[in-house]
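A.B. asks: Take a look at the following structure, please.
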Amino acid sequence: MQIISIHLKNIKSHRDRELSFSSGINVLSGPNGVGKSTVFEAIGYALFGVDARDFVTNIDRFLSIGAKKGEISVVFKTSNDELWKVSRTVGTPSKWLLYKESGGSFEVEEHANTEETEARIAELLGLNNGRRLADQFKLVIGPFQNEFLGPFVIKQQTKRQEAFDEILGIDAWRTTYKGTSDLLKAIQKKIEVLSAEIKLLQDQVAVLPQKQEEQAAIATTLQQKQGELQQKQAALKQAESQLIDLDAQEKALTALTIELQRTADRIKDGTDKIADKQKEVDTSWKAKAVVEASRAGKEAYDVAEVHLTELRAKEQQRRAAEKEITALEKEAQRLTQSVEHEQAEIAKTEALLAEEKSGFAAARTSLQPNQAMQDAVAGLPTQRTSLERLKADLAQLSGRRAGLEEGQDKLAEGVCPFFQEKCRNLEDRPAKDLITKKLTDLDQTQTILNELIATLTQQVKAAEVAEKELHGLTVRLQELDKQVATLATKRAKNQERATKLEGLKQQQATAAAKVLEHKALLQAFANLDSEIEQAEQLRKQHQESRDAFTTNLKDAEELESRLQTLEKWQAKLVELKQEQADKQAELIQSKASYQVEQHQQLRADKDRLLTEVATITQQIESLTKDQQRLSQEILSLLCLQENAASKQTAITSYTAKEKLVKFLRNQVFKNVSEQLSERFREEISLRADRIYRTIAESDEELHWGEKYQIILRDMHDGQLRERTDDQLSGGQTMSAVVALRLALLQTIGARIAFFDEPTSNLDAARRENLAHAFRAIDVGREEVTEHWYDQLFLISHDVAFTEITDQMLQVGC
């Protein structure tokens, strides 16, 4: 079994969400409050029929804020790979529907009520074990972790035992013991009621002998009446036998009279038909004479009609020729106009192209650069290099002047500004005169350089202007080259158009020739109208003969058949008259042998006997009803007698049941619950211990003890140590509870299970071990346990589960 997907509509924080699941382990992750637990609740509500109030105090809190109605749909696959969908609405009214996949769509399966729906779902899930689906989900398959911990932390042993007995499904034995107390009282009360009923039945059965005597007297009278009835029925049968012959004679006379009347009617009808047929024969003779007289005129009419049809065909040919000539003339005129138009357009285009060509030549001449401009642009790079060199020299002179001015004060003292010692270059000359002379030489050189730079700058600017003008002329010349190329394309197209004009002229000449040719052919129809007029006059001349021939032809052709029919009917009339005479003789003979008075007397005797037989039959029916009534009463009394005996037997049976119930209550129901609990605890402890050892990674043995205590056993200082619930840490308790729940799910045969935060209270190592335990179960690792589930659903924030899950679903992202 596998849950394929779930769709939530207006359920808590899920306005409209659909989640798909894989087989194996599915982990739901996401921040707190995004609705992970709501997904588990929705599955419990839709698939297992859990009441929404088991999750929330008010059913409105199960809906999204502001919503009046919600819906949950779960698609699942059964063990035989059939696909089903269950949907359940939240709100009033609530609907719980089951659908089966058929041909790519889901069709609803009709159920009388929700109980029938739940039973069907339990059958599909393989959980039809007598316990409600909702209880199985809440107690074992899908309780939240804090709810599943509840029974383990119950201090009072009796309440804890009752809780786990219910989870294991063995609480029925203790409940049965309590319930059998009322059963015992009911059996004892039943014995008292049966004793009272037997006394009442015995009083009713006391009249049975009297009823039996009355039944015997009625049986004697009934036998006498039946003998009398047999005598009357024999006399009636003899009278009916005599009446059969007389009734047959009467019926034969009546039938013969009817046949004579029918024959007379046929003779009269045949005489009328023969007279009518004689008139038709006379008409045919007259028609035949008319046909022979008008035959020549009709044949002349047919010849004229054929000739006129041929002339009409020629008239249509003439009209077609005239129509074709008109079309050819229009086509010739159109082609003439097209030739003239094309000639004018080609000449006009050629003149425009020549004008454009001369304009392009003039423009090209005006765009040619002069030699001075070309020389100026050619010397521009050299001028720019010289200008940069002069500016560099000027900058160097400025640096030297600044250095001299800086060292002027120190040189005035006779000290070298660089080596800080007496300057040896002065040679007894005043330092001031030497510096002044050098500054003067530098100023002169700088003035010369500034003049050269200014002159060269003007030359560079002029050359740059010439360069821009030359670039503009180049661009314009390139554009002019493109226009010239376009002009060549236009001229080629115009030349192509002139070539096509020659073909158009040829078409115009051909069309004109066809017009003349068709007009010459039209001369063959010159006398057609006069020929048509002559043929119509000839046809009109013989129209009367043709109409007379056509009108009388059918009657003339039927002359032979009408003569044959007349002769046949006349012969048949002779036969009918002979038949009439024979039947009249037979009727006279039959009337002589028929005795009317005897027939009437026998009818009266039959009526009397029928009345007597009916009277006796009614008496017999009345006696029979009385006999049946007494038989039913006697049968009822016998049934009451048997009922009293059966009730006595029932008293004996209930007395035995009373002894059995007392034995079962005192000897069985008090002990079997503890025996089943011990067997379940041993089996679950064996499986849970292997899972716990994987989670805890320790040699501690997990045992589910008496009264469902969690017990851990290990060796401590060479001694066996046992620790129970309140002596265990939170991590040990949680590890043990998870292991016990996994073992419990496997024991009861559940194929899916839900875990909400199973790693709470576990340290990092145990969380990782728990994740690997889940994976070990999924693959059926022998040292842990065999594979027993189809799907596990977990809610966890722990990264350890990302490595072992078959699908990680991020809720709220």
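The values are calculated or read from the model by the stated rules, or taken from the named source; none is laboratory data. Remember, it's a predicted structure, so these values are computed and weren't measured experimentally. Note that each Cβ is placed from the backbone with ideal geometry, even for glycine, and that neighbours are counted across all protein chains shown. What goes into the accessible areas is simple: the full protein's heavy atoms, side chains included, and nothing from ligands, DNA or RNA. Shrake-Rupley method; radii C 1.70, N 1.55, O 1.52, S 1.80 Å.
A.B. asks: Do we find a residue being within 13 Å of PHE137 (Cβ to Cβ) and in contact with a Leu (Cβ under 9 Å, 6 or more places away or on another chain) anywhere in segment 25-41?
C.D. replies: The answer is yes; a qualifying residue exists.
A.B. asks: Related question: Need pairs with beta-carbon distance below 6 Å; first residue of a type in the set (D, E, K, R) and within segment 188-208, second in a helix (DSSP H, G or I) and surrounded by 14 or more Cβ atoms within 10 Å (Cβ to Cβ); sequence gap 6+ or separate chains.
C.D. replies: Matching pairs, first to second residue: LYS190/TYR654; GLU197/LYS647.
A.B. asks: Look at segment 685-701 and say how many of its residues are closer than 16 Å to SER729 by Cβ, surrounded by 16 or more Cβ atoms within 10 Å (Cβ to Cβ) and under 53 Å from the mean Cα position of the chain (by Cα).
C.D. replies: Residues flagged as closer than 16 Å to SER729 by Cβ, surrounded by 16 or more Cβ atoms within 10 Å (Cβ to Cβ) and under 53 Å from the mean Cα position of the chain (by Cα) within segment 685-701 amount to 3.
A.B. asks: Which of the residues that make up segment 164-184 are of a type in the set (Gly, Ala, Ser) and touching a residue at least 40 places away in the same chain (Cβ under 8 Å)?
C.D. replies: Scanning segment 164-184 gives GLY169, SER181.
Per-residue answers, yes or no, for (1) within 47 Å of the chain's Cα centre (by Cα); (2) within 24 Å of ASP165 (Cβ to Cβ); (3) assigned to a helix (DSSP H, G or I); (4) aromatic (Phe, Trp, Tyr):
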{"residue": "LYS657", "(1), (2), (3), (4)": "no, no, yes, no"}
{"residue": "ASN666", "(1), (2), (3), (4)": "no, yes, yes, no"}
{"residue": "HIS703", "(1), (2), (3), (4)": "no, yes, no, no"}
{"residue": "ALA753", "(1), (2), (3), (4)": "yes, yes, no, no"}
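A.B. asks: Go through segment 777-802 and give me each residue that's within 16 Å of SER22 (Cβ to Cβ), part of a loop (DSSP other than H, G, I, E, B) and modelled with pLDDT under 70.
C.D. replies: If the condition is that a residue be within 16 Å of SER22 (Cβ to Cβ), part of a loop (DSSP other than H, G, I, E, B) and modelled with pLDDT under 70, then HIS787 is the only one that fits.
A.B. asks: What residue, of LYS647, LYS662, is surrounded by 14 or more Cβ atoms within 10 Å (Cβ to Cβ) and in a helix (DSSP H, G or I)?
C.D. replies: After ruling out the rest, the residue left standing is LYS647.
A.B. asks: Hey, among the residues in segment 98-108 that are in contact with a strand residue (DSSP E or B) (Cβ under 8 Å, 6 or more places away or on another chain) and not charged (D, E, K, R), which one's surrounded by the most Cβ atoms within 10 Å (Cβ to Cβ)?
C.D. replies: So the residue we want is LEU98.
A.B. asks: Let me ask another. For residues that are hydrophobic (A, V, I, L, M, F, W, C) and modelled with pLDDT under 85, scanning just segment 202-217, find the one that is surrounded by the most Cβ atoms within 10 Å (Cβ to Cβ).
C.D. replies: VAL205
A.B. asks: If a residue must be over 18 Å from ASP276 (Cβ atoms) and open to solvent by 80 Å² or more (accessible area, probe 1.4 Å), how many such residues does segment 547-559 contain?
C.D. replies: Total satisfying the criteria: 2.
A.B. asks: Give LYS493, LYS519 a once-over and let me know the one that is at pLDDT 85 or above and assigned to a helix (DSSP H, G or I).
C.D. replies: Answer to the selection: LYS493.
A.B. asks: Residues in segment 109-132: is at least one out of contact with any Ser or Thr (no Cβ under 9 Å at 6 or more places or on another chain), open to solvent by less than 70 Å² (accessible area, probe 1.4 Å), among the hydroxyl-bearing types (Ser, Thr, Tyr) and over 24 Å from VAL738 (Cβ atoms)?
C.D. replies: Within segment 109-132, one or more residues are out of contact with any Ser or Thr (no Cβ under 9 Å at 6 or more places or on another chain), open to solvent by less than 70 Å² (accessible area, probe 1.4 Å), among the hydroxyl-bearing types (Ser, Thr, Tyr) and over 24 Å from VAL738 (Cβ atoms).
A.B. asks: Is it the case that GLN224 is open to solvent by less than 60 Å² (accessible area, probe 1.4 Å) and either outside any helix (DSSP H, G or I) or over 30 Å from PHE164 (Cα atoms) (or both)?
C.D. replies: Judged against the criteria, GLN224 is not a match.
One line per residue, one yes/no per condition, for (1) among the small types (Gly, Ala, Ser); (2) within 30 Å of GLN570 (Cβ to Cβ); (3) modelled with pLDDT of 85 or more; (4) in a helix (DSSP H, G or I):
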position: ILE191; (1), (2), (3), (4): no, no, no, yes
position: ALA196; (1), (2), (3), (4): yes, no, yes, yes
position: ALA248; (1), (2), (3), (4): yes, no, no, yes
position: ALA264; (1), (2), (3), (4): yes, yes, yes, yes
position: LYS279; (1), (2), (3), (4): no, yes, yes, yes
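A.B. asks: Are there any pairs with C-beta distances below 9 angstrom linking a residue in segment 708-723 that is under 17 Å from LEU686 (Cβ atoms) and among the β-branched types (Val, Ile, Thr) to a residue that is open to solvent by 50 Å² or more (accessible area, probe 1.4 Å) and outside any helix (DSSP H, G or I), with the two at least 6 apart or on different chains, and if so which?
C.D. replies: Final answer for the pair search is ILE711/GLU701; ILE711/GLU722.
A.B. asks: Also, quick follow-up: Which residue is surrounded by the most Cβ atoms within 10 Å (Cβ to Cβ), if the candidates are limited to segment 617-644 and must be among the small types (Gly, Ala, Ser) and without any contact (Cβ under 8 Å) to a residue 60 or more places away in the chain?
C.D. replies: The residue in question is SER636.
A.B. asks: Still on this structure: If you check GLN145 against the conditions, is it among the polar types (S, T, N, Q), open to solvent by less than 50 Å² (accessible area, probe 1.4 Å), at pLDDT below 75 and on the phi < 0 side of the Ramachandran plot?
C.D. replies: It is true that GLN145 is among the polar types (S, T, N, Q), open to solvent by less than 50 Å² (accessible area, probe 1.4 Å), at pLDDT below 75 and on the phi < 0 side of the Ramachandran plot.
A.B. asks: Say we look at segment 384-413 and pick out the residues that are among the polar types (S, T, N, Q) and modelled with pLDDT of 80 or more; which of these is least open to solvent (accessible area, probe 1.4 Å)?
C.D. replies: Checked segment 384-413; the qualifying residue least open to solvent (accessible area, probe 1.4 Å) is SER386.
A.B. asks: Something else now. From SER561, SER590, which residue is at pLDDT below 85 and over 60 Å from the mean Cα position of the chain (by Cα)?
C.D. replies: Going through SER561, SER590 in turn, the sole match is SER590.
A.B. asks: Which of the residues spanning segment 70-88 are crowded, with 18+ Cβ neighbours inside 10 Å and hydroxyl-bearing (Ser, Thr, Tyr)?
C.D. replies: Hits for segment 70-88 are SER73, SER87.
A.B. asks: Check segment 190-201 and report whether any residue there is open to solvent by 70 Å² or more (accessible area, probe 1.4 Å), of a type in the set (A, V, I, L, M, F, W, C) and touching a helix residue (DSSP H, G or I) at 6+ places or on another chain (Cβ under 6 Å).
C.D. replies: no
A.B. asks: Just to verify a result, which residue in segment 712-751, among those that are among the β-branched types (Val, Ile, Thr) and open to solvent by 20 Å² or more (accessible area, probe 1.4 Å), is nearest to the chain's Cα centre (by Cα)?
C.D. replies: Among residues in segment 712-751 that are among the β-branched types (Val, Ile, Thr) and open to solvent by 20 Å² or more (accessible area, probe 1.4 Å), the one nearest to the chain's Cα centre (by Cα) is ILE748.
A.B. asks: Considering LEU635, LEU587, LEU602, LEU566, which residue is in a helix (DSSP H, G or I) and in contact with a Ser or Thr (Cβ under 8 Å, 6 or more places away or on another chain)?
C.D. replies: The conditions single out LEU587.
A.B. asks: Six or more apart or on different chains, Cβ atoms under 6 Å: show the pairs whose first residue is in segment 506-533 and small (Gly, Ala, Ser) and whose second is open to solvent by 50 Å² or more (accessible area, probe 1.4 Å) and assigned to a helix (DSSP H, G or I).
C.D. replies: ALA511/GLU331
A.B. asks: When you scan segment 599-615, how many residues do you find that are touching a residue at least 40 places away in the same chain (Cβ under 8 Å) and open to solvent by 90 Å² or more (accessible area, probe 1.4 Å)?
C.D. replies: So the count comes out to 1.
A.B. asks: Regarding segment 305-319, can at least one residue be identified that is more than 30 Å from ASP529 (Cα to Cα) and aliphatic (A, V, I, L, M)?
C.D. replies: Checking segment 305-319: not a single residue is more than 30 Å from ASP529 (Cα to Cα) and aliphatic (A, V, I, L, M).
A.B. asks: Could you look through segment 60-69, keep only residues that are part of a loop (DSSP other than H, G, I, E, B) and open to solvent by less than 70 Å² (accessible area, probe 1.4 Å), and pick out the one that is farthest from THR38 (Cα to Cα)?
C.D. replies: Across segment 60-69, the extreme among qualifying residues is ALA67.
A.B. asks: Regarding VAL140, is this residue open to solvent by less than 20 Å² (accessible area, probe 1.4 Å) and over 24 Å from ASN10 (Cα atoms)?
C.D. replies: Yes; evaluated as a whole, the condition is true for this residue.
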